[in-house]
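What follows is a set of notes on a single structure, which appears directly below.
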Amino acid sequence: MSGVLPWVICPKENASFAATTSYSLVPKIRAQVRSHNSKGCSRLNFSSGVFAAASLSSAVANPPRSSVEKVYEVVLKQAALVKEQKKERALDVRKEKGQTDSMTRGDLLNGAYNRCGEVCAEYAKTFYLGTLLMTPERRRAVWAIYVWCRRTDELVDGPNASHITPKALDRWEQRLNELFEGRPYDMYDAALSNTVSKYPVDIQPFKDMIEGMRMDLKKSRYKDFDELYLYCYYVAGTVGLMSVPVMGIAPESKASTESVYNAALALGIANQLTNILRDVGEDARRGRIYLPQDELAQAGLSDEDIFNGKVTDKWRSFMKVQIKRARMFFDEAEKGVAELNDASRWPVWASLLLYKQILDSIEANDYDNFSKRAYVGKTKKFASLPVAYGRALMGGSSKFAKPARS
Ligand SMILES: CC(C)=CCC/C(C)=C/CC/C(C)=C/CC/C(C)=C/COP(=O)(O)OP(=O)(O)O
């Protein structure tokens, strides 16, 4: 385990909701664990959301790592990369000046980026509008990342999904390696290749997203929230980690880099949990259940109940817990938006507020996510945009304290 991660988490069995409270609160957990560690305790249990320290026994000397620990290591690696790259930036600028692109190469690249923008405008209209507020360079980098994610997702969700094999995903990963090494395969890859050469973007979240697609090919059930969390990280948390280096952290931010990445991760997880709750019926019709099996059982629900799609009181209670958890991830994400560069805050706030309202809509549908698709109507969408703008303007003051440097 990484030296900067001196903690072990063991979500208490049969206390899944209390346990999941911890997933969105990693920095707080770390602080608590540091304090527990200094008191000679090194393993924690969660009980009703409260930490109870237990002493380390030899039997748990090497407990299996939870998904949150594995994912948090990626967060730390990303944060470290930003610091490293800041030092190298001066060098890169000199290098770029020495090798002025030929007109043709520059034109091709501009064309590739513009095409990425068109794809983004077509499939994610609101987000695209938001990106127009960013500086031209950041905006086109966000488009390039968006297009790569969309293409990756389409491999398992698009029209050719039934022909996709693990081998095809291996080939897609090979292409990813090549574009990171400066050898793009097509124009969309060329745009991303240029982006990753300019911003401190690590390859790991991209590889992890492909891993999420592999998971989707072989798995249609999730044993517990730990498994579901890992899936959500792979397919959506990764997007948060890819975006921060491009969106940029505000120069005046006092937050630690790792806390901003953690908020970005939380937003990806929150969005994906919301997506899952909205699409329960649709997924069930494809034989898939992206809900923690242990929590379903605790609520007295079975796969059959999901396939039958009847809204019962048991289902409503189960859904209330799931919605509450998704909102906690949104809350965690909100703390980080203010730390982003000012031009990046508005699109992030806008998409956050819009997606969060899908949860309200599930409630308004009396938890019928079997036969009704929760959505946010145009009026509400437009009403959210000035709210998002207001929040973006208000941002700037850091809500995250920098951790004490030892
Ligand atoms: C909060 C901070 C510090 C930074 C923001 C970092 C970002 C941009 C995080 C966002 C991550 C993100 C957009 C993840 C994707 C989540 C998701 C479930 C997308 C759904 O995509 P579609 O499947 O196209 O959605 P619809 O089905 O709703 O159209």
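Points worth noting:
- Residues being at pLDDT 95 or above and open to solvent by 40 Å² or more (accessible area, probe 1.4 Å) - total across region 336-356: 1
- The lone exception for ARG325 - which of (1) open to solvent by less than 20 Å² (accessible area, probe 1.4 Å); (2) within 17 Å of the chain's Cα centre (by Cα); (3) within 13 Å of the ligand (Cβ to nearest atom) it fails: (3)
- Under the condition of being open to solvent by less than 20 Å² (accessible area, probe 1.4 Å) and under 26 Å from LEU217 (Cβ atoms), the residues counted in region 137-159 number 7.
- Residue check for LYS218: in contact with a strand residue (DSSP E or B) (Cβ under 8 Å, 6 or more places away or on another chain) and surrounded by fewer than 17 Cβ atoms within 10 Å (Cβ to Cβ): no
- Test: residue in region 380-389 that is outside any helix (DSSP H, G or I), aliphatic (A, V, I, L, M) and assigned by TED's automatic domain parsing to the domain that holds ASP305: no
- Residue count for region 169-207, restricted to those that are over 13 Å from TRP148 (Cα atoms), open to solvent by less than 20 Å² (accessible area, probe 1.4 Å) and either part of a helix (DSSP H, G or I) or not assigned by TED's automatic domain parsing to the domain that holds PRO245 (or both): 1
- Filtered by the rule that a residue be open to solvent by 10 Å² or more (accessible area, probe 1.4 Å), more than 8 Å from the ligand (Cβ to nearest atom) and assigned to a helix (DSSP H, G or I), region 232-251 gives TYR234, PRO245.
- Residue match in region 297-311 (condition: within 15 Å of the ligand (Cβ to nearest atom) and assigned by TED's automatic domain parsing to the domain that holds GLY390): no
- Among the residues of this structure, LYS335 does not count as one that is more than 11 Å from the ligand (Cβ to nearest atom) and basic (Lys, Arg).
The values are calculated or read from the model by the stated rules, or taken from the named source; none is laboratory data. Note that this is a predicted model, so its numbers are computed, not measured. We place every Cβ from the backbone using ideal geometry, glycine too, and count neighbours over all the protein chains shown. All accessible areas refer to the heavy atoms of the entire protein, side chains included, with ligands and DNA or RNA removed. Shrake-Rupley method; radii C 1.70, N 1.55, O 1.52, S 1.80 Å.
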